[in-house]
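Visitor: Can you keep this structure in mind? I'll have questions shortly.
The values are calculated or read from the model by the stated rules, or taken from the named source; none is laboratory data. The model shown is predicted, which means the values in this text are computed figures rather than measured ones. Ideal geometry is used to build each Cβ from the backbone, glycine not excepted, and the neighbour counts take in all protein chains shown. Just the protein is used for accessible areas: all its heavy atoms, side chains included, with ligands, DNA and RNA removed. Shrake-Rupley method; radii C 1.70, N 1.55, O 1.52, S 1.80 Å.
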Amino acid sequence: MKKIIIAALALIALSGCSEQVEYSASITDNIKKISPLELWTESKEKSVVDGITYYGDTLIVNKEIALPEDYAPGENAAARKALNQLIAAGEEQGLHFAIRSGYRSYDEQNVLYSNYVARDGKAAADKYSAEPGHSEHQTGLAYDLGSVESVKDFTISFGDTPEGKWLQTHAQEYGFIIRYPEGKTHVTGYQYEPWHIRYLGRALAQDVYHSKLTLEEYFGMYNPAESQS
Ligand SMILES: [Zn+2]
């Protein structure tokens, strides 16, 4: 949250030289040139609190890192607010998003996953579904989006729909990232899921987006040497 402090200091600096009006414009210009991205200093330190893993302030769950069975926060209010803004912005562009999935409890994930394993076998199911405790939907910070048309929902070709394309380039503006990007299965363990978005907050989402890294790579969790086996 360093950028807020810097912005506040800049305001103080501005108000401190109110009689020197001619300088204000150039100071303002300089402030604008410093983008929030350059000032963002997210901690990447790992910590585990009550069985929940964080990197900095960011809760992490993936194929390796689980959530406790009794972790049931429900839908995150900030994530929902941001999602509503994203959907409204899409509507303004003539896009019609539909929320296909949101918060899911451990037990709900258990039922889903068991059904997938019974249907497709564990190896196949693991490519598109998470073991109970390993689903990002249990955090209340993840959503699966589709379009009202729904024909391509939950398929890779959703990424080629107007909604899917817009999501790839604008989700970060609302604090979300495409959590399982194309070509990163070796890192995330998941096939490309253009529909699955994870809320990170705007500053971090933009930073991760511009880094072109998965969350695992961004936080330095991914070790290429380890995944060779
Ligand atoms: Zn999902």
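Visitor: Rank by packing, highest mean first: peptides 159-168, 111-120, 61-70, 197-206, with packing defined as the count of other Cβ atoms within 10 Å averaged across residues.
Guide: 197-206, 159-168, 61-70, 111-120
Visitor: When ranked by the protection proxy of mean other Cβ atoms within 10 Å per residue, highest first, what sequence do the peptides 211-217, 75-81 form?
Guide: Numbers: 211-217: 17.3, 75-81: 15.6.
Going by the mean number of other Cβ atoms within 10 Å, highest first, we get 211-217, 75-81.
Visitor: Also: Leaving out ligands and nucleic acids, note down the accessible area per residue over the stretch 67-228 with a 1.4 angstrom probe, in whole Å².
Guide: 47
Visitor: Also, I was wondering about something else. Arranged from highest to lowest average of other beta-carbon atoms within 10 Å per residue, in what order do the peptides 187-196, 122-131, 138-147 appear?
Guide: Descending mean neighbour count gives 138-147, 187-196, 122-131.
Visitor: On the Cα set of the stretch 155-210, report Rg and Dmax in Å, please.
Guide: 10.8, 29
Visitor: Which log10 I(q)/I(0) values does the stretch 67-228 give at q = 0.12 Å⁻¹ under the Debye formula, counting every alpha carbon as one identical point scatterer?
Guide: Computed log10 I(q)/I(0) values: -0.52.
Visitor: Kirkwood hydrodynamic radius, computed over distinct alpha-carbon pairs, for the stretch 54-149: how many Å, to one decimal?
Guide: Kirkwood radius, the stretch 54-149: 14.6 Å.
Visitor: Carbon and sulfur together cover what percent of the accessible area of the stretch 109-229 at a 1.4 Å probe radius? Don't jump to the answer; show the numbers that get you there.
Guide: Values: 2800 of 5400 Å².
The nonpolar share, carbon plus sulfur, comes to 52 percent.
Visitor: Would you list, by chain and number, the aspartates and glutamates whose Cα falls below 18 Å from the Cα of Lys152, excluding same-chain residues fewer than 8 positions away?
Guide: Asp144, Asp160, Glu163, Glu182, Glu193
Visitor: While we're looking at this one, here's another question. Net charge near Asp107, counting Lys/Arg +1 and Asp/Glu -1 over other residues with Cβ under 14 Å of its Cβ?
Guide: -3
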